[in-house]
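K.L.:
Please find one structure pasted underneath; my questions will follow.
Derivation of every value follows stated rules applied to the coordinates shown; laboratory data play no part. What you see is a predicted model, and the numbers here were worked out from it, not measured in a lab. Cβ atoms come from the backbone with ideal geometry, glycine included; neighbour counts cover every protein chain shown.
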Amino acid sequence: MKPLLKFALFVGMLFWVSPLLAKGPFTFTIGADQWKQDDPATYGVANDNLLAFSGQSETNRQYELSITHKLPILPNVRLSTSSNEQTGTNTLAQTYVLGGEAYSVASQLSSVHKTKAFDLLLSYPVFDVSILKMDLGLLTRYQELDIATSKAGDTQQSQVDSDKIVPMVHVNIQSGVPLLGFFVFAEFNKGDSNHLYQSGIGYTFDNNLIPDVDLKLGYRKESVDFSLSDGVIFNQDLDTTFAGMRIRF
C-alpha cells in the first residue's frame, strides 16, 4: 500500500474516533510535511577521495505523531520519521574508491543515496500563553544512510551503509494572533554536527470543532553528516521550502 494512502486511512480513522480522544487529558496531533530538494552531497570512505554531485529534484516527506498534556513532570512526546533520496551521475576526474571497488579515471558513475531519520522528542513547555508558546527539550535521532554506486556500461558496482544516534537540543517557539488564526513558528534542533531548523507561518482552522487543523508554509534547513568514524563520510546541507498540515484531537 502506498504511503500516502496509508496516511489517508490513518487520518480517516482518527476523525472517526476523535470524539473519544477529545474526552481525555491528552491532545493527539498527527502531521505531514512535504518538500523538494536537489542540494549537492559529498561522500566517500577517505577524506582525500570524496565524490560530490548534484542530483535531480526529489520529493521528500516527514510524518509525525505528538502527544501533549497538562500533567506535571511528564514531558510531551513527539515521534517523527523523514526520508531523503537523491540520484545523480558523475564523471570521475580521478580514481575513486567506494565499498572496496576502485573506479578508474573518466568512469561515469550513477549513484543513489538514501537517508532516513527516526526522531523521538521529549519536551517541556516553558511559556504557554495566548500569544506566545515556547518549548525546550531533547531530540534523539536515529539516522540511517545507504549509498549505491554503479559504473555506466559495466557490471562494476558497490554499496555502503551506516547508522548512528544523534542527540540534539530542541527549542520551539510559536506566536499567534488571538481570534485571527494566524501564527508564526521557529524550531531549532542542534547536535554536534547535525542540525534541523524550521521557520514559517501558519493558519489554524478551529471554530470549536474537533479536530483542529493547522496549515503551514515555511523554510527548512537541515544538515545530515556522517564521519569517517561512522564507516563512511557523508555530508549534505538541505535548504528548501516546505508545506505541511497538522490535525489535533
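K.L.:
Please report the projected area of region 112-249's Cα convex hull averaged over all directions, in nm². Please list the in-between numbers first.
P.N.:
On the way: hull surface 42.1 nm².
Over all viewing directions, region 112-249 projects a mean Cα-hull area of 10.5 nm².
K.L.:
Please compute the modelled spin-label separation between residue 73 and residue 156, points set 7 Å along Cα→Cβ, answer in nm with one decimal.
P.N.:
Here the modelled spin labels are 6.3 nm apart.
K.L.:
Of all the C-alpha pairs in region 72-186, what % are more than 22 Å from each other?
P.N.:
On the way: 3716 of 6555 pairs.
Of all Cα-Cα distances in region 72-186, 57 percent exceed 22 Å.
K.L.:
Between 125, 167, 25, find the one with the highest GNM mean-square fluctuation for the chain; connect C-alpha pairs within less than 10 Å.
P.N.:
The residue with the greatest mean-square fluctuation here is 25.
K.L.:
Work the Kirkwood hydrodynamic radius out for the chain: mean of 1/r over every pair of different alpha-carbon atoms, inverted, in Å.
P.N.:
Working: mean 1/r = 0.0498 Å⁻¹.
Over the chain, the inverse of the mean reciprocal pair distance is 20.1 Å.
K.L.:
Express in nm, to one decimal, how much length is gained between residue 118 and residue 46 on full extension, taking 0.36 nm for each residue of separation and deducting their alpha carbon distance.
P.N.:
Values: separation 72, 0.36 × 72 = 25.92 nm, distance 2.71 nm.
Using 0.36 nm per residue and subtracting the Cα-Cα distance, I get 23.2 nm.
K.L.:
Within the set of other residues whose C-beta is less than 15 Å from the C-beta of residue 47, count the net charge using Lys and Arg as +1 and Asp and Glu as -1.
P.N.:
On the way: positive: none; negative: 48, 225, 230.
That sum, taken over residues with Cβ under 15 Å, equals -3.
K.L.:
Please build a GNM for the chain, connecting alpha carbons under 10 Å apart, and tell me which residue among 202, 181, 153 fluctuates the most.
P.N.:
With Cα springs under 10 Å in the chain, the top fluctuation among 202, 181, 153 is at 153.
K.L.:
Summing +1 for each Lys or Arg and -1 for each Asp or Glu, what net charge is found among the other residues whose Cβ lies under 15 Å from the Cβ of residue 102? Write down the numbers at each step before the final one.
P.N.:
Values: positive: 151; negative: 48, 101, 154.
With Lys, Arg at +1 and Asp, Glu at -1, the neighbours total -2.
K.L.:
To the nearest 10 degrees, how steep is helix 3-21 against the longest Cα principal axis of the chain, on a 0 to 90 scale?
P.N.:
20 degrees
K.L.:
Using a 7 Å offset from the Cα along the Cα-to-Cβ direction at both residue 142 and residue 58, what is the distance between the two label points in nm, to one decimal?
P.N.:
The two pseudo-label positions are separated by 2.1 nm.
K.L.:
Let me ask another. For residue 151, list the aspartates and glutamates whose Cα falls under 13 Å from its own Cα; do not include residues on the same chain fewer than 8 positions away.
P.N.:
Hits, sequence-local ones excluded: 101.
K.L.:
Near residue 87, within a Cβ-to-Cβ distance under 12 Å, what is the net charge of the other residues, with Lys and Arg +1 and Asp and Glu -1?
P.N.:
Values: positive: 114; negative: 38, 58, 85.
Net of charged neighbours comes to -2.
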